[in-house]
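The values are calculated or read from the model by the stated rules, or taken from the named source; none is laboratory data. Not measured: the values here are computed from a predicted model. Note: ideal-geometry Cβ built from the backbone for every residue, glycine included; neighbour counts use all protein chains shown.
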Amino acid sequence: MGGKEKAQVRPPAVVPDEAYLALKQNRIRLFEQFKDRQARERIAIGGDPIRITLPDHNGTVKEGKKWMSTPMDIAKEILSSKLAASCLIAQVNGEPWDMTRPLEDNCELKLLDFDTVEGRATFWRSSALILGEALESLYGCNLCSLSPCTTSAEGFYCDAYYNDITLNESDFGRIQDKARKAVAAKQPFERIVVSRAEALECFAENKFKFEIISELPDKAITLYRCGSLVDLCPGPHIPNTSFVKAFACLKASSSYWRGKANRESLQRVHGISFPDSERLKEYEARIEAAEERNHRILGESQKLFFFNPLSPGSPNFLPHGIKIKNKLFSFLRQEYRDRGYQEVESPNVYNMEIWEKSGHAMNYKENMFTFEIDKREFGLKPMNCPGHCIIFKHGTHSYRELPLRIAEFGVLHRNEASGALTGLTRVRRFQQDDAHIFCRESQIKDEVKSVLEFIKYVYDKFGFNHDYELELSTRPEKYLGDIETWNKAEQQLREALLEFGKPFEINEGDGAFYGPKIDVGVFDALKRKHQCATIQLDFQLPICFDLTYSTEEGTEKPVMIHRAILGSFERMFAILLEHYNGKWPLWLSPRQAIVCSISPKSVEYAKQVHAKIYKAGFDVDMDTSDKKIDKKVAEAQAQGAQFNYILVVGEREAKSETVSVRLRGSREPERPPVSIDNVIARLRDEVAAYR
């Protein structure tokens, strides 16, 4: 759990002391003081008529009053009471907005419920505040951060500093009871805007909040109140606590302030909540199913990989695990050949000069492994992009060569916080199916569309069956380059997505500072979303490395497209292992077949069958032990093995030079036995069809 080894557990009867309660009351007093001032200011400037357009309701236009009318008022006008009550947040001109926050001018208004990504994120953000209020009230802790989960995309957590108290599952009942009381009280989520000095005054005694506020720009800061809790939060939030019909604590774990091991040890409580109890039951059923598919458990039982504390976050792949990785490599290498990519290899270690030139030294150094050689600083590469810029710059290029597509399965290292390491999904050492396309501005659309088709092809072969989402992220507030170039690039991405033909969402202002991007999220067999593939435009690195190509008139700088389809091999390995529940399709399986002898008399023939199938290029094992054949078949079908084909041979098969075929999961063998050549042809056909 972190912190001291012999931490005390606060007895249930103990509550925060009077000094702590006095600090909370003072924070509430300040909040109410600032809220009253804000209300007076709004009355003074409000009341003028405004027009509110609702694009999702046939462009309906409603009249409202400036600084007085709220999205909730409009929802009650145009929707039934039941539908209005389901609205969690609004979007005003694309900006997330509280349902109870007054509208400030003419605007376009959208109303969002729990079945939207934004609605769920808001619901869980608000639930985190309910959890935070319960923890403050029960334990007198210093809240550090409250947030919807970004890793699993479901639920929320609360980080807090507890001095000498350690929480565990025995505390959950008490916490949940407190949260349910807040829900029953229908506590509103109230929003105010204050100056940085006023925010510092509110959180003077909380060194964690004080640190955050001190680093913020000296401009307006948003605070929220929910019951006895006042918190620093950008929002938005749901209208009140009664919207949360089901609430549960999931687990307690340790974390570090700001994810740094040299900072204070905190405790993190994870939770989940829903607008109805039925969804909670469905969630619990999914979690139970997910635990059964946990890639760490499956990986151990199938002898695919393991971790060792001598190298945290760095997986050791065993022979069967490497078979799967190599099949993924081979699959992509063939596609690269067919799609005009050239594979390269760049160094693992670079002088820090390259990272200073690329900007990573300033923005990413704390996530790098660095060391000194001959009194000069070097670093293990966390990404391949700068190395590929050096490769491009090494030669001279004409516009006739573009687009130039280079790919690498490079080994990367990132110094992830130890508390964030999670099986294969969050590691320190990994490989990416990384590629960079150097092209002209006029080629962006065609190249992006080509990558989207590539992604579709690969994901279909994995069995994701079109079950993925696309999101276009546009120019952020802080960006490099000129607006005209950005606008052209964004338009080409939009056109590529439209021609690709799959619906996509636009995430305004969430692009990287160096260019817009497309992210692809896939859904596995349990409908969990995983962000894997990405396509990012980059106008900046070609400038940093002075990359050029010759044209008819002189020279120009190429546009650089970063793209990954699997993301990291390790993460995709984990996703596929859980998606298939360990039952690998034949083309990826590390255990494609096993030959089982019925008796000692058929052992020699079993060896001949094994040798012939192995020579044909398949991963085949053999069981010639003295176990009963039923036992051999059961072991071959067990979770730790999951052989696709079980080939049984006895004296009859030896005489006829055939094998008895049993498929994974089948109770009976196929009839009649078939020749070895027939089996090999069948295996080849299935692999060729990616089955």
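Quick one: count up the residues across the stretch 651-664 that are in contact with a strand residue (DSSP E or B) (Cβ under 8 Å, 6 or more places away or on another chain), crowded, with 19+ Cβ neighbours inside 10 Å and more than 17 Å from L683 (Cβ to Cβ).
Final tally of qualifying residues: 1.
So, in the stretch 532-566, exactly how many residues are of a type in the set (S, T, N, Q), crowded, with 16+ Cβ neighbours inside 10 Å and in a strand (DSSP E or B)?
2
Could you grab me the full set of residues in the stretch 358-407 that are more than 25 Å from F438 (Cα to Cα) and among the charged types (D, E, K, R)?
K365, E366, E372, D374, K375, R376, E377
Would you be able to tell me the number of residues in the stretch 264-314 that are part of a helix (DSSP H, G or I), under 25 Å from S126 (Cα atoms) and not acidic (D, E)?
The first filter runs over the stretch 264-314 and keeps only residues part of a helix (DSSP H, G or I), leaving 277-292, 295-301.
Imposing the further condition that a residue be under 25 Å from S126 (Cα atoms) reduces the set to 277-287.
Right, trim to not acidic (D, E) and you get 277, 279-281, 283, 285-287.
Going through the stretch 264-314 one residue at a time, the tally reaches 8.
Looking at (1) of a type in the set (G, A, S); (2) over 30 Å from V687 (Cβ atoms); (3) surrounded by fewer than 17 Cβ atoms within 10 Å (Cβ to Cβ), which is the one condition that is false for S255?
(3)
Of the residues R120, R180, R191, R174, only one is surrounded by fewer than 22 Cβ atoms within 10 Å (Cβ to Cβ), in a strand (DSSP E or B) and charged (D, E, K, R); which? Don't jump to the end; show me each part of the working.
Working: R120 fails: in a strand (DSSP E or B); R180 fails: in a strand (DSSP E or B); R174 fails: in a strand (DSSP E or B).
Exactly one of R120, R180, R191, R174 is surrounded by fewer than 22 Cβ atoms within 10 Å (Cβ to Cβ), in a strand (DSSP E or B) and charged (D, E, K, R), namely R191.
Checking the condition under 26 Å from I324 (Cβ atoms), β-branched (V, I, T) and outside any strand (DSSP E or B), which residue from V687, V603, V659 passes? Give the steps one after another, and end with the answer.
Details: V603 fails: under 26 Å from I324 (Cβ atoms); V659 fails: outside any strand (DSSP E or B).
After applying the criteria, what remains is V687.
Filter the stretch 346-363 down to the residues that are in a strand (DSSP E or B) and either of a type in the set (F, W, Y) or in contact with a helix residue (DSSP H, G or I) (Cβ under 7 Å, 6 or more places away or on another chain) (or both) and list them by number. Break it down into steps so the answer makes sense when it comes.
Taking the stretch 346-363 and keeping what is in a strand (DSSP E or B), we get 349-351.
Across the stretch 346-363, the qualifying residue is only Y350.
Cβ contacts < 6 Å: first residue over 15 Å from P49 (Cβ atoms), restricted to the stretch 97-119; second residue in a loop (DSSP other than H, G, I, E, B) and of a type in the set (V, I, T), any location; separation 6+ or different chain. Result?
T100/T70
Scan (1) under 31 Å from the mean Cα position of the chain (by Cα); (2) in the same structural domain as Y336 (by TED's automatic domain parsing) for the single condition Y549 breaks and write down its number.
(1)
Taking the residues in the stretch 419-433 that are touching a Leu at 6+ places or on another chain (Cβ under 8 Å) and part of a strand (DSSP E or B) as candidates, determine which candidate is nearest to V451 (Cα to Cα).
Within the stretch 419-433, the match that is nearest to V451 (Cα to Cα) is D433.
Filter the stretch 189-205 for residues that are under 31 Å from the mean Cα position of the chain (by Cα) and not acidic (D, E) and give the result. Explain how you work it out, then say what you get.
Residues of the stretch 189-205 that are under 31 Å from the mean Cα position of the chain (by Cα), as a first pass: 189-191.
Residues satisfying the conditions are F189, R191.
Being part of a strand (DSSP E or B) and among the β-branched types (V, I, T) is the filter; apply it to the stretch 49-86 and report the residue that is surrounded by the fewest Cβ atoms within 10 Å (Cβ to Cβ).
The initial filter retains those residues of the stretch 49-86 that are part of a strand (DSSP E or B), namely 49-54, 60-65.
With the extra rule that they be among the β-branched types (V, I, T), the set shrinks to 50, 52-53, 60-61.
Numbers: I50: 18, I52: 22, T53: 15, T60: 14, V61: 10.
So the residue we want is V61.
Out of curiosity, is E215 acidic (D, E), surrounded by 16 or more Cβ atoms within 10 Å (Cβ to Cβ) and over 28 Å from D113 (Cβ atoms)? Explain how you work it out, then say what you get.
Values: acidic (D, E): yes; surrounded by 16 or more Cβ atoms within 10 Å (Cβ to Cβ): no; over 28 Å from D113 (Cβ atoms): yes.
Answer is no for this residue.
Going through E366, E416 one at a time, which residue ends up being more than 22 Å from Y514 (Cβ to Cβ) and either part of a strand (DSSP E or B) or under 23 Å from the mean Cα position of the chain (by Cα) (or both)?
Just a single option satisfies the conditions, and that option is E416.
Between a first residue in the stretch 220-232 that is touching a residue at least 12 places away in the same chain (Cβ under 8 Å) and closer than 17 Å to R101 by Cβ and a second residue that is assigned to a loop (DSSP other than H, G, I, E, B) and of a type in the set (S, T, Y), which pairs have beta carbons less than 9 Å apart while being 6 or more apart in sequence or on different chains?
A220/S195; I221/S195
For V649, which of the numbered conditions (1) in contact with a His (Cβ under 7 Å, 6 or more places away or on another chain); (2) of a type in the set (A, V, I, L, M); (3) over 25 Å from F464 (Cβ atoms) fails to hold?
Evaluating V649 over (1) in contact with a His (Cβ under 7 Å, 6 or more places away or on another chain); (2) of a type in the set (A, V, I, L, M); (3) over 25 Å from F464 (Cβ atoms) leaves (1) as the failure.
Out of the stretch 501-544, which residues are in contact with a helix residue (DSSP H, G or I) (Cβ under 7 Å, 6 or more places away or on another chain), hydrophobic (A, V, I, L, M, F, W, C) and within 22 Å of D460 (Cα to Cα)?
F504, I518, V520, V522, A525, L526, C532, A533, I535
Have a look at K375, K393, K325 and point out the one that is loosely packed, with under 15 Cβ neighbours inside 10 Å, of a type in the set (D, E, K, R), out of contact with any Pro (no Cβ under 9 Å at 6 or more places or on another chain) and closer than 25 Å to T534 by Cβ.
K393
From the list K178, K209, pick out the single residue that is touching a Phe, Trp or Tyr at 6+ places or on another chain (Cβ under 7 Å) and not β-branched (V, I, T). Before you say what the answer is, go through the steps one by one.
Details: K178 fails: touching a Phe, Trp or Tyr at 6+ places or on another chain (Cβ under 7 Å).
Sole residue among the options that is touching a Phe, Trp or Tyr at 6+ places or on another chain (Cβ under 7 Å) and not β-branched (V, I, T): K209.
Looking at (1) surrounded by fewer than 16 Cβ atoms within 10 Å (Cβ to Cβ); (2) at pLDDT below 95, which one does V411 not meet, given that it meets all the others?
For V411, the failing item is (2).
If only one of L452, L493, L470, L497 is closer than 18 Å to R563 by Cα and part of a strand (DSSP E or B), which one is it? Lay out the reasoning, then the answer.
Details: L452 fails: part of a strand (DSSP E or B); L493 fails: part of a strand (DSSP E or B); L497 fails: part of a strand (DSSP E or B).
From the options L452, L493, L470, L497, the qualifying one is L470.
What pairs come up if the first residue lies in the stretch 599-626 and is surrounded by 15 or more Cβ atoms within 10 Å (Cβ to Cβ) and at pLDDT 95 or above, the second is basic (K, R) and not in a helix (DSSP H, G or I), and their beta carbons are under 9 Å apart, counting only those six or more places apart or on different chains?
Short answer, once both residue conditions are applied: D619/R591; V620/R591; D621/R591.
Restricting attention to the stretch 472-493, which residues are surrounded by fewer than 18 Cβ atoms within 10 Å (Cβ to Cβ) and at pLDDT 80 or above?
Step one: filter the stretch 472-493 for residues surrounded by fewer than 18 Cβ atoms within 10 Å (Cβ to Cβ), giving 476-478, 480-485, 487-488, 491.
Residues satisfying the conditions are P476, E477, D482, I483, E484, T485, N487, K488, Q491.
Among the residues of the stretch 237-259, is there at least one that is more than 22 Å from the chain's Cα centre (by Cα) and farther than 24 Å from C158 by Cα? Reasoning before the result, please.
Looking only at the stretch 237-259, we keep the residues that are more than 22 Å from the chain's Cα centre (by Cα), and these are 237-248.
Right, trim to farther than 24 Å from C158 by Cα and you get none.
No, the stretch 237-259 contains no residue that is more than 22 Å from the chain's Cα centre (by Cα) and farther than 24 Å from C158 by Cα.
Just checking, which of F464, F438 is in contact with a strand residue (DSSP E or B) (Cβ under 6 Å, 6 or more places away or on another chain), aromatic (F, W, Y) and at pLDDT 95 or above? Let's see the steps before the verdict.
Working: F464 fails: at pLDDT 95 or above.
After ruling out the rest, the residue left standing is F438.
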